[in-house]
Amino acid sequence: MDQPRNRVFSGVQPTGNLHLGNYLGAIRHFVALQDTHECIYCVVDLHAITVWQDPKELAANTREVTAAYIAAGVDPKKHIIFNQSKVAAHAELAWILDCTARIGWLNRMTQFKEKAGKDREQASVGLYNYPVLMAADILAYRSTHVPVGEDQKQHLELARDVAKKFNNDYAEFGGQDFFPLPEPLILGAATRVMSLRDGTKKMSKSDPSDNSRITFNDSPEAIAQKIRKAQTDPDPLPETVEGLEGRAGADNLVGIYAALSGQTKDEVLAEFRGAQFSVFKPRLADLAVDKLSPMMAEMQRMLHNDQGYLDQVLADGAARARVIADPIVARVKELVGFI
Ligand code: AQP
C-alpha cells in the first residue's frame with residue numbers, strides 16, 4: 001500500500017457560530033495548502049455530538065461549514081470535502097484505536113477538562129474519547145499533515161502517540177511504520193485568536209457574548225462595530241512585539257491585523273507604532289470587512305440558493321473519501337487479526 005507524502009486532513013465541527021478564529025487558525029490554511037498537497041477537509045459531525053446538538057441545527061450547521069470551506073476557496077473538485085458521519089471508517093477505526101490509546105493519555109487532555117468543567121461525571125463518554133476519534137480521522141487516510149489552531153496541538157500529539165503505539169504493537173505482524181506520524185501545521189500570526197471582550201480567553205463558538213467573536217454571519221457593519229468595541233487599553237501601540245507583553249487585547253488585535261494582511265506582527269507595528277486605538281481600530285475594521293465580507297456573502301448565497309449543491313459536494317466527497325479510507329481500515333483489521 002503506497003504511503004502518500006503530502007496528504008492533508010483537517011476538520012471543523014458543525015456547532016454553529018463559525019468565527020474568525022476558525023478562519024484564521026484553520027480554514028484559510030486549508031485553502032493555501034491546496035496547491036502543494038492532496039487535501040481532505042471534513043465537517044466533523046461525529047465530534048459535534050459529543051455535546052448536545054439540536055438535530056435541525058446540526059444539519060444546518062453542517063451545510064454552513066461546507067459553504068464556508070467553499071466560499072473561503074477550497075475547491076471541492078480537486079480536493080475532498082465531506083461530513084464525517086457518512087464515512088464509516090472513522091467510527092470503525094476509532095474503536096480499534098480506543099484499544100490502543102491509554103486512559104492515562106486521555107486523562108491529561110486539557111480540552112476535556114475545560115469543556116467538561118466541574119460536572120465531569122455528567123460529560124458524555126464521547127467528549128472524553130474525542131481525541132481518539134480525532135486520531136482515527138487523521139489516520140484513516142494515513143495523513144501526513146494536519147493544519148489546526150494552537151488549541152489542537154495536544155490532540156495532535158496524542159494522535160502521534162496512538163500511531164506510534166499501533167505501529168509498535170503490530171510491528172512483528174507487518175505493521176511497522178504503517179501509520180505515518182502526522183505533523184501539525186500551526187501556521188501564521190493568529191494561531192490562537194482571542195475573545196474581543198477578554199484578550200486572555202480564546203475566541204470560541206460557545207462564548208455567551210456574541211461581541212466576543214466575529215462570525216461568518218456578521219454584516220460588514222457588525223464586523224466594524226465589534227472591532228470598535230473590542231477590549232484594549234489606553235496606551236498607544238508599541239514599536240515592537242515585546243511591547244505587547246501583558247497587553248492581551250492589543251496583542252490580539254495586532255495579531256488579527258497581521259494575519260489578515262499577510263504580515264508579521266513586527267511589520268504591523270512598524271506601520272502603526274505610536275498610534276492610538278482610535279486610529280488603529282478603524283483601519284483594522286476596514287481590513288477585516290474587505291477581507292471577510294465577500295467570503296461571508298458567498299457563503300450566505302450558497303446557503304440560501306444552493307443547498308442542493310452543498311449536499312452534492314458532501315455526497316461526492318464522502319464517496320471519494322471512502323475510496324481512500326476503506327482499504328486502509330481493511331489493512332488495519334488484517335493487522336489486528338480480524339478474519
Ligand atoms: N480562537 C481560535 N484561534 C485559532 N484557531 C482556532 N480554532 C478554534 N478556535 C480558534 C481552530 O479552528 C478549527 C476548528 O475548530 P473546532 O470546530 O474543532 O472547534 P473548537 O476548537 O472547539 O472551536 P471553539 O470555538 O473553541 O468551540 P467551543 O466554544 O465549542 O470550544 C481547529 O483547527 C481549531 O484549532
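Taking first residues from the stretch 63-76 that are of a type in the set (V, I, T) and partners that are assigned to a loop (DSSP other than H, G, I, E, B), the Cβ contacts under 6 Å between residues at least 6 apart in sequence or on separate chains come to V65/P14. Can you tell me which of W105, W52, W95 is surrounded by fewer than 17 Cβ atoms within 10 Å (Cβ to Cβ) and not in a helix (DSSP H, G or I)? Only one candidate qualifies: W52.
Filter the stretch 109-135 down to the residues that are without any contact (Cβ under 8 Å) to a residue 40 or more places away in the chain and not in a helix (DSSP H, G or I), then identify the one that is surrounded by the most Cβ atoms within 10 Å (Cβ to Cβ). Out of the qualifying residues, it is A123. Please indicate, with yes or no, whether at least one residue in the stretch 219-229 is assigned to a loop (DSSP other than H, G, I, E, B) and at positive phi. Checking the stretch 219-229: not a single residue is assigned to a loop (DSSP other than H, G, I, E, B) and at positive phi.
Taking the numbered list (1) within 12 Å of the ligand (Cβ to nearest atom); (2) among the charged types (D, E, K, R); (3) in contact with a strand residue (DSSP E or B) (Cβ under 6 Å, 6 or more places away or on another chain) in turn, E38 passes all entries but (1). A search for C-beta distances below 6 Å between a residue of the stretch 19-31 that is free of Cβ contacts under 8 Å to residues at least 24 places away in the same chain and any residue that is more than 6 Å from the ligand (Cβ to nearest atom) and part of a helix (DSSP H, G or I), counting only pairs 6+ apart in sequence or on different chains, returns nothing.
Considering (1) over 14 Å from the mean Cα position of the chain (by Cα); (2) surrounded by fewer than 22 Cβ atoms within 10 Å (Cβ to Cβ); (3) more than 11 Å from the ligand (Cβ to nearest atom), the lone condition that I80 does not fulfil carries the number (2). In summary, R192 fulfils each of the numbered conditions (1) more than 10 Å from the ligand (Cβ to nearest atom); (2) of a type in the set (K, R); (3) in a loop (DSSP other than H, G, I, E, B) with the single exception of condition (1). Here A259, A288, A250 are screened, and the one residue that is buried (at least 20 other Cβ atoms within 10 Å of the Cβ), under 22 Å from D210 (Cα atoms) and over 23 Å from the mean Cα position of the chain (by Cα) is A250. Residues of the stretch 230-259 that are among the acidic types (D, E) and either out of contact with any helix residue (DSSP H, G or I) (no Cβ under 7 Å at 6 or more places or on another chain) or part of a helix (DSSP H, G or I) (or both): D235, E242, E245, D251. The sole residue among R320, R301, R283 that is among the charged types (D, E, K, R) and farther than 23 Å from K78 by Cα is R283. Apart from one condition, P182 fits all of (1) within 16 Å of the ligand (Cβ to nearest atom); (2) in contact (Cβ under 8 Å) with a residue 60 or more places away in the chain; (3) crowded, with 16+ Cβ neighbours inside 10 Å; (4) farther than 22 Å from P327 by Cα; the exception is (4).
Sort out which residues of the stretch 83-92 are within 16 Å of the ligand (Cβ to nearest atom) and buried (at least 21 other Cβ atoms within 10 Å of the Cβ), and write them in order of number. Of everything in the stretch 83-92, those that are within 16 Å of the ligand (Cβ to nearest atom) and buried (at least 21 other Cβ atoms within 10 Å of the Cβ) turn out to be N83, Q84, H90. Only a single criterion out of (1) of a type in the set (S, T, Y); (2) at pLDDT 95 or above; (3) within 11 Å of the ligand (Cβ to nearest atom) is not satisfied by T100, namely (3). Within the stretch 196-212, if we keep just the residues that are part of a loop (DSSP other than H, G, I, E, B) and near the ligand (Cβ under 8 Å from one of its atoms), the residue that is surrounded by the fewest Cβ atoms within 10 Å (Cβ to Cβ) turns out to be S206.
The values are calculated or read from the model by the stated rules, or taken from the named source; none is laboratory data. Note that the coordinates shown come from a computational prediction; the quantities given were computed from them, not determined experimentally. As a convention, Cβ positions derive from the backbone with ideal geometry for all residues, glycine included, and neighbour counts pool all protein chains shown.
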